[in-house]
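Structure first, commentary second.
The values are calculated or read from the model by the stated rules, or taken from the named source; none is laboratory data. Just so it is clear, the structure is predicted and the values come from calculations on it, not from any experiment. Don't worry about glycine lacking a Cβ; one is built from the backbone with ideal geometry, like all the others, and counts go over all protein chains shown. The accessibility values were calculated without ligands, DNA or RNA, using every heavy atom of the protein model including side chains. Shrake-Rupley method; radii C 1.70, N 1.55, O 1.52, S 1.80 Å.
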Amino acid sequence: MNDVTDEQLHEQFVKTYGIEPEIRVTCPGRVNLIGEHIDYHDYGVFPMAIDASTVILAARNSTNNLIFSNFDPKYSSWESPIPCPWQGSSSPKWNDYLLCGWKGILDFEKSEQFGISFLLYGTIPPSSGLSSSSSLVCASALATLSLIVQGDPFQHISRENFAHLCAKSEPLIGTLSGGMDQAAEVLASEGTALRIDFNPLRSKNIELPENAVFVVVHSNTELNKGATSHYNERVIEGRIVAQILKREFSLSTPSFRLKDIQALSGKSFEEILKTVEEVIPEELTKNQVIELIGNDKLEECLTENTRKFTNFKLRSRARHVFSEAHRVELFESACESKDIKQMGVLMNASHRSCAIDYECSCEELDAICELYTKHGALGARLTGAGWGGCAVVLMAADDVANIEKLPSLFVSKPGQGIRVHRF
Ligand code: ADP
Ligand code: NG1
């Protein structure tokens with residue numbers, strides 16, 4: 001869709017609802033530079049917000065209905081009388097992402113439901129690893145909150161707590177996601193990338209080297225995570241590894257996040273990677289997992305929609321998580337010492353690990369990384385969940401002319417986090 005002006009959106013809102021919008025929320029997408037599939041184990045990640053965004057115009061209405069419409073006619077309008085009984089969805093449609101944010105805020109505020117009109121316009125390519133889904137969730141949450149409280153909503157709730165609330169709300173659509181996307185989209189400051197850590201959520205602004213250019217390239221394939229079980233399968237496999245390691249290290253923590261297990265074991269990344277090679281089997285059937293850790297421990301790892309899984313790949317998944325978490329640390333140091341060559345080396349290693357050990361790449365993404373590397377990229381890797389979507393490529397500013405003729409979506413500069421404007 002072509003870019004739409006603020007006036008066109010405003011006009012569309014008035015035409016659709018017959019009332020004036022009260023607020024406009026703008027929430028960016030994000031590109032993750034490194035640290036893939038480790039946020040749900042509480043390991044730190046390294047994303048930046050992008051300019052592509054989700055915009056919601058919103059107002060209270062007097063019809064006692066929740067009404068969501070989309071500027072893009074491909075998404076049908078959705079409406080429900082209040083009280084709306086929505087508790088989640090296992091095959092999410094676009095309105096379900098908005099309901100995640102809406103419900104998160106109403107529960108937090110202990111607010112009665114009230115009539116709401118939303119008009120959404122989004123420019124983040126969906127299902128492409130740039131986190132359009134979280135942008136919808138966060139935008140809806142901030143729009144709902146801004147209709148409840150007066151003034152700056154971030155005087156009412158800190159940005160960290162708001163991002164955490166959105167991260168806890170998004171799994172209502174069935175994906176056991178971590179908190180990277182909501183944190184990146186809420187905490188970003190224009191001009192800097194972010195190092196984000198979890199539990200408790202915190203972020204550090206990081207300046208990127210001036211001669212580093214990040215190009216986002218679409219593979220022309222997509223994966224709607226909510227419609228497949230690939231993502232949840234990886235989360236569960238990591239949880240099983242955590243249970244096996246807890247037994248190995250005689251730990252009694254209830255946590256099944258790999259960062260907690262590593263911290264409690266006192267092992268360095270090198271040591272824990274060695275333990276993985278020694279004690280974690282490459283693949284187990286469900287029955288073998290039960291023999292090893294017991295049915296109760298397996299049940300703690302599973303959720304309703306992952307109970308059907310019968311086989312689990314373990315050693316290579318664990319190798320990815322621990323080595324990727326280590327690469328984030330090394331990338332941050334390389335970035336701080338402006339060593340873009342080393343940043344590229346780490347991005348390439350990250351892609352290989354995603355492709356081989358985590359099996360979350362695809363032919364098209366591999367081909368893009370290879371193509372850009374042949375044309376002088378310092379590093380190229382899939383970004384986001386993978387299985388399609390986008391790659392992020394690191395070029396030295398002097399070499400950008402080499403790739404002028406190659407396909408690309410945009411050159412990315414660190415963008416601004418979520419914001420609200422009151423009319
Ligand atoms: P992503 O990596 O972009 O977060 P997901 O597969 O998790 O990908 O979420 C994509 C889903 O988000 C889409 O299938 C759609 O339901 C919703 N979505 C994204 N952008 C828009 C939009 N502009 N309008 C309506 N829904 C959108
Ligand atoms: P994308 O593919 O951009 O939605 C997903 C998860 C993240 C993270 C990455 C992989 C959601 C909302 N986000 O991002 O939490 O785990 O995959 O690093 O599912």
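Descriptive notes on the structure:
- Accessible surface of HIS351 - all protein chains present, 1.4 Å probe, nearest 10 Å²: 20 Å²
- Surrounding net charge for LEU314, when Lys and Arg each add one and Asp and Glu each subtract one, Cβ distance under 10 Å: +1
- Checked against a 32 Å cut-off, the cross-linked pairs LYS168/LYS313; LYS246/LYS341; LYS338/LYS405; LYS15/LYS204; LYS274/LYS338 give Cα-Cα distances beyond that limit for LYS246/LYS341; LYS15/LYS204.
- Ligands, DNA and RNA aside, TRP86 has an accessible area near 30 Å² when probed at 1.4 Å.
- These residues, ASP152, ASP3, go from largest to smallest accessible area, 1.4 Å probe, as ASP3, ASP152.
- Computing Rg and the Kirkwood Rh from the Cα coordinates of the range 227-319 gives a ratio, Rg/Rh, of 0.94.
- In the context of the full protein assembly, LEU409 retains an accessible surface of approximately 80 Å², using a probe radius of 1.4 Å and ignoring ligands and nucleic acids.
- Highest mean packing first, where packing is the average number of other Cβ atoms within 10 Å per residue, the peptides 283-289, 243-249 line up as 243-249, 283-289.
- Rg in Å to one decimal, and Dmax rounded to a whole Å, for the chain via C-alpha atoms: 21.7, 66
- Remark: C-alpha extents of the range 61-165 on the principal axes read 34, 32, 25 Å, sorted largest to smallest.
- Once C-alpha pairs closer than 8 Å and six or more residues apart are averaged by separation and normalised to the residue number of the range 227-319, the relative contact order reads 41 percent.
- Ranking THR228, THR144 by solvent-accessible area of protein heavy atoms (1.4 Å probe, all protein chains present), from largest to smallest, gives THR228, THR144.
- For the chain: relative contact order, % (alpha-carbon pairs under 8 angstrom, 6 or more apart): 24 percent
- The 1.4 Å probe gives accessible areas that order VAL31, VAL411, largest first, as VAL411, VAL31.
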